[in-house]
1. Take the range 188-228 and flag every residue that is at pLDDT below 85, within 25 Å of Ile139 (Cβ to Cβ) and open to solvent by 40 Å² or more (accessible area, probe 1.4 Å).
2. Hey, does the range 172-181 have a residue that's modelled with pLDDT of 85 or more, in contact with a Lys or Arg (Cβ under 9 Å, 6 or more places away or on another chain) and open to solvent by 50 Å² or more (accessible area, probe 1.4 Å)?
3. Go through the range 275-301 residue by residue and tally those that are exposed (fewer than 14 other Cβ atoms within 10 Å of the Cβ) and without any contact (Cβ under 8 Å) to a residue 40 or more places away in the chain.
4. Of all the residues that make up the range 123-153, how many are open to solvent by 50 Å² or more (accessible area, probe 1.4 Å), in contact (Cβ under 8 Å) with a residue 40 or more places away in the chain and closer than 26 Å to Tyr217 by Cα?
5. Test Ala270 against the stated conditions and say whether it is modelled with pLDDT of 90 or more and closer than 16 Å to Leu185 by Cβ.
6. Does the range 75-87 contain at least one residue that is closer than 19 Å to Thr262 by Cβ, of a type in the set (Val, Ile, Thr), open to solvent by less than 40 Å² (accessible area, probe 1.4 Å) and assigned to a helix (DSSP H, G or I)?
7. Looking at the structure I just gave you, is Leu59 over 27 Å from Phe307 (Cα atoms) and at pLDDT 80 or above?
8. Has the range 234-251 got any residue that is free of Cβ contacts under 8 Å to residues at least 24 places away in the same chain, open to solvent by 60 Å² or more (accessible area, probe 1.4 Å), closer than 16 Å to Val142 by Cα and of a type outside the set (S, T, N, Q)?
Amino acid sequence: MYKAGDVVLGGMFPFYYQPDYHESSFTSKPQYPTCKGCPDESWPNPQRDHCVPKVVEFLSYHEALGISLTTVSLVGTLMCAIVLGIFVHHRDTPMVRANNSELSFQLLMSLKLCFLCSLLFIGRPRLWTCQLRHAIFGISFVLCVSCILVKTMVVLAVFKASKPGGLNIMKFFGAMQQRGTVLVLTFIQAIICTAWLVSASPTPHKNTEYQSDKIIYECAVGSTVGFAVLLGYIGLLAILSFVLAFMARNLPDNFNEAKFITFSMLIFCAVWIGFIPAYISSPGKYADVVEVFAILASSFGLLLALFGPKCYTMLLRPELNTKKSIMGRAKP
């Protein structure tokens, strides 16, 4: 026998029980409770006598986790701006010129976009944020990794050109060819994102499967295949950059930047390999937290590994910012 206020979970919706007051109080028949189902976005209150709205949960700017991630993102953006200012100020020094200043500037701008795109994953999901978050994330990271890939290819090309009979190889790695390669690689990712948005665009989704008393407000990816292709293309470029940089890590003289590229791409690949199982197993808003953490961790890894040693030399050891030191001919 059910009592008034008892709750039974039937199917997808909770029910609460109330006495049926339509029966006459003078009848000898017993009064049985009436089962009433709560609407899809409601849940019985603690007294279980009426329905109340479910709690809506998402990664908010007002909670401690959202504030922390936002702060880290803005700090990373500020660090990119400071490093860019340092490189612009020292653009005529041997260290900046020897490390392909134009690609370095492009890389810093793309890293700034990587830090800023993480802000789209915080806040109440809306149609435009769901559509832009992965598109901007994918394009900015491909722009970043393609700059690193072209830098590594130029390092190998310059070393081969220094050998007898290798001068002709540099005509394939001029300034226009470098810009064109970065543009083509980024354009491919733009096509992937456009096809994904047109065929199965990500949309806001109210998920009630994780917890019955909560509504998890999240962005449904729309097409799992599109998301996988986007990540796979970034991974392909990152692995290719790592392999080429690993091959060039022991080159002499000023080609030691390949060591920093190898280390940075190792960090990048490790972060995103660990991201996949963590993202799949994280429920609700914590999936967004994992993705933002992966974006910030990989961006900081690239920024510190590629530009940290150069900024240290330019600011604290200016006597090493000479052609002889970079070529490894300076006396200790």
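The values are calculated or read from the model by the stated rules, or taken from the named source; none is laboratory data. None of these values were measured; they are calculated from a predicted model. Backbone-built Cβ (ideal geometry, glycine too); neighbour counts: all protein chains shown. Remember, those area values only see protein heavy atoms, side chains included, never the ligands or the DNA or RNA. Shrake-Rupley method; radii C 1.70, N 1.55, O 1.52, S 1.80 Å.
1. His205, Gly222
2. Yes, there is a match, as at least one residue in the range 172-181 is modelled with pLDDT of 85 or more, in contact with a Lys or Arg (Cβ under 9 Å, 6 or more places away or on another chain) and open to solvent by 50 Å² or more (accessible area, probe 1.4 Å).
3. As a first pass, look at the range 275-301 and keep what is exposed (fewer than 14 other Cβ atoms within 10 Å of the Cβ): 277, 280-281, 283.
With the extra rule that they be without any contact (Cβ under 8 Å) to a residue 40 or more places away in the chain, the set shrinks to 277, 280-281.
Of the residues in that region, 3 qualify.
4. Going through the range 123-153 one residue at a time, the tally reaches 5.
5. Numbers: modelled with pLDDT of 90 or more: yes; closer than 16 Å to Leu185 by Cβ: no.
The answer is no for Ala270.
6. Pass one, the range 75-87, residues closer than 19 Å to Thr262 by Cβ: none.
Looking through the range 75-87, none of the residues is closer than 19 Å to Thr262 by Cβ, of a type in the set (Val, Ile, Thr), open to solvent by less than 40 Å² (accessible area, probe 1.4 Å) and assigned to a helix (DSSP H, G or I).
7. Numbers: over 27 Å from Phe307 (Cα atoms): yes; at pLDDT 80 or above: yes.
Criteria met by Leu59.
8. In the first step, residues of the range 234-251 are kept if they are free of Cβ contacts under 8 Å to residues at least 24 places away in the same chain; the result is 236, 243, 246, 249-250.
Still in the list and also open to solvent by 60 Å² or more (accessible area, probe 1.4 Å): 236, 243, 246, 249-250.
If we keep only those that are closer than 16 Å to Val142 by Cα as well, we get 236.
Checking the rest, the ones that are also of a type outside the set (S, T, N, Q) come to 236.
Yes, that holds for at least one residue.
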